[in-house]
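A short worksheet on the structure shown next.
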Amino acid sequence: MPMPAAEIEALIRTAIPDAEVTITDLAGDGDHYAAHVVAASFAGLSRVARHKAVYGALGERMGGVLHALQVTTGVPT
């Protein structure tokens with residue numbers, strides 16, 4: 001069963017409250033998404049640490065209900 005984009009967004013926003021989140025369904029199948037996450041709390045963190053924060057927000061859903069997620073992160077300009 002595919003995971004709705006709104007649920008992915010909500011999970012990320014819950015874990016990273018200051019995040020601006022944009023979710024794109026890459027294949028139209030509800031299994032392959034891109035997440036662009038911008039948060040002031042990412043300032044000073046490495047790209048790897050930022051990605052870990054996003055994947056951590058999704059927990060065990062990654063590789064299960066959520067098959068694939070392309071992540072890009074940033075800090076507000």
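The values are calculated or read from the model by the stated rules, or taken from the named source; none is laboratory data. Bear in mind that the values here come from a model prediction, so they are computed numbers and not experimental data. Note: ideal-geometry Cβ built from the backbone for every residue, glycine included; neighbour counts use all protein chains shown. Remember, those area values only see protein heavy atoms, side chains included, never the ligands or the DNA or RNA. Shrake-Rupley method; radii C 1.70, N 1.55, O 1.52, S 1.80 Å.
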Check your understanding: Which one of Thr73, Thr22, Thr77 is among the polar types (S, T, N, Q) and within 17 Å of Pro4 (Cα to Cα)?
Key -> Thr22
Practice item. Name every residue in the stretch 1-44 that is surrounded by fewer than 13 Cβ atoms within 10 Å (Cβ to Cβ) and of a type in the set (D, E, K, R), in order of residue number. Key: Asp18, Asp29
Review point. In the stretch 67-76, is there at least one residue being among the small types (Gly, Ala, Ser), touching a strand residue (DSSP E or B) at 6+ places or on another chain (Cβ under 8 Å) and at pLDDT below 95?
Key: yes
Check your understanding: For the stretch 45-63, which residues satisfy the criterion of being without any contact (Cβ under 8 Å) to a residue 24 or more places away in the chain, open to solvent by less than 50 Å² (accessible area, probe 1.4 Å) and either among the aliphatic types (A, V, I, L, M) or part of a loop (DSSP other than H, G, I, E, B) (or both)?
Key -> Ala49
